[in-house]
Amino acid sequence: MKSLALLRALMPAAAIAAEPVVLPELYAVSGVAAGDMLNIRAEPSARAPILGKLAPDAVSVEVTGHSADGAWAQVNAGEGSGWVATRYLSLSGSSWENGRLPEGLSCFGTEPFWDLRVAEGALQLQSPDQGRQRFAISSISDRGFREDRLRAVEAGDATVVIFPQDCSDGMSERSYALQVVVSLRTGDRPMLSGCCSIAR
């Protein structure tokens with residue numbers, strides 16, 4: 001036991017404090033010169049083709065995945081997803097708090113197209129067949145927010161469960177790290193499923 005304590009005392013503080021970040025999270029571009037841009041590449045490699053660029057002062061960059069070695073972060077660019085060097089991103093603080101939903105959370109799905117947003121303490125659901133509906137949020141429960149991003153939201157005649165899982169919108173090559181299931185106690189379509197993003 002003493003040897004373990006000694007080993008921990010000799011380890012760098014950063015190595016002890018480093019905890020894996022549960023995705024998705026929002027990052028800011030950091031360490032890129034003012035006149036330069038951060039390249040978004042097709043693969044996690046400095047030799048891969050460039051798909052897009054991020055400004056040196058870009059914020060609210062949603063990271064949905066990491067390469068196996070952690071050197072690259074997956075982000076969405078246009079209608080697809082790409083990779084940026086992790087060393088040029090900084091996490092200012094978690095978007096997730098116990099009992100709350102991230103400020104920029106939006107969810108969406110197809111067949112039929114629908115979207116769900118959070119505004120002023122309510123869920124706003126819009127779809128072509130049911131129009132716009134508003135459900136006042138009565139409770140948000142989570143399960144150990146450091147371990148995962150699961151959220152169960154009760155809001156009037158709707159129950160929404162958001163959980164971490166790779167997700168595709170079925171329309172593009174974009175990558176999402178959250179899935180959602182919406183259960184409605186009224187209307188013609190009692191169950192909707194889709195993806196969520198926390199990008200503002």
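The values are calculated or read from the model by the stated rules, or taken from the named source; none is laboratory data. Model, not experiment: these values are computed from the prediction. We place every Cβ from the backbone using ideal geometry, glycine too, and count neighbours over all the protein chains shown. Note: areas computed on protein heavy atoms with side chains; ligands, DNA, RNA excluded. Shrake-Rupley method; radii C 1.70, N 1.55, O 1.52, S 1.80 Å.
Observations on the model:
- The residue list V153, V160, V180 contains one member that is among the aliphatic types (A, V, I, L, M), within 19 Å of T64 (Cα to Cα) and buried (at least 16 other Cβ atoms within 10 Å of the Cβ), which is V180.
- Taking the numbered list (1) open to solvent by less than 30 Å² (accessible area, probe 1.4 Å); (2) over 17 Å from the mean Cα position of the chain (by Cα) in turn, P24 passes all entries but (2).
- Scan of the range 61-99 for residues that are in contact with a Gly (Cβ under 7 Å, 6 or more places away or on another chain), of a type in the set (S, T, N, Q) and in contact (Cβ under 8 Å) with a residue 40 or more places away in the chain, ordered by number: Q74
- Residue ID - surrounded by the fewest Cβ atoms within 10 Å (Cβ to Cβ), chosen from residues in the range 71-97 that are hydroxyl-bearing (S, T, Y) and part of a strand (DSSP E or B): S90
- Residues (more than 11 Å from L89 (Cβ to Cβ), in a loop (DSSP other than H, G, I, E, B) and open to solvent by less than 60 Å² (accessible area, probe 1.4 Å)) located in the range 34-70: A42, P44, S45, A48, A55, P56, S60, S67, G70
- Pairs, first without any contact (Cβ under 8 Å) to a residue 40 or more places away in the chain in the range 160-180, second open to solvent by 30 Å² or more (accessible area, probe 1.4 Å) and assigned to a loop (DSSP other than H, G, I, E, B), C-beta under 6 Å, six or more apart: F163/L150
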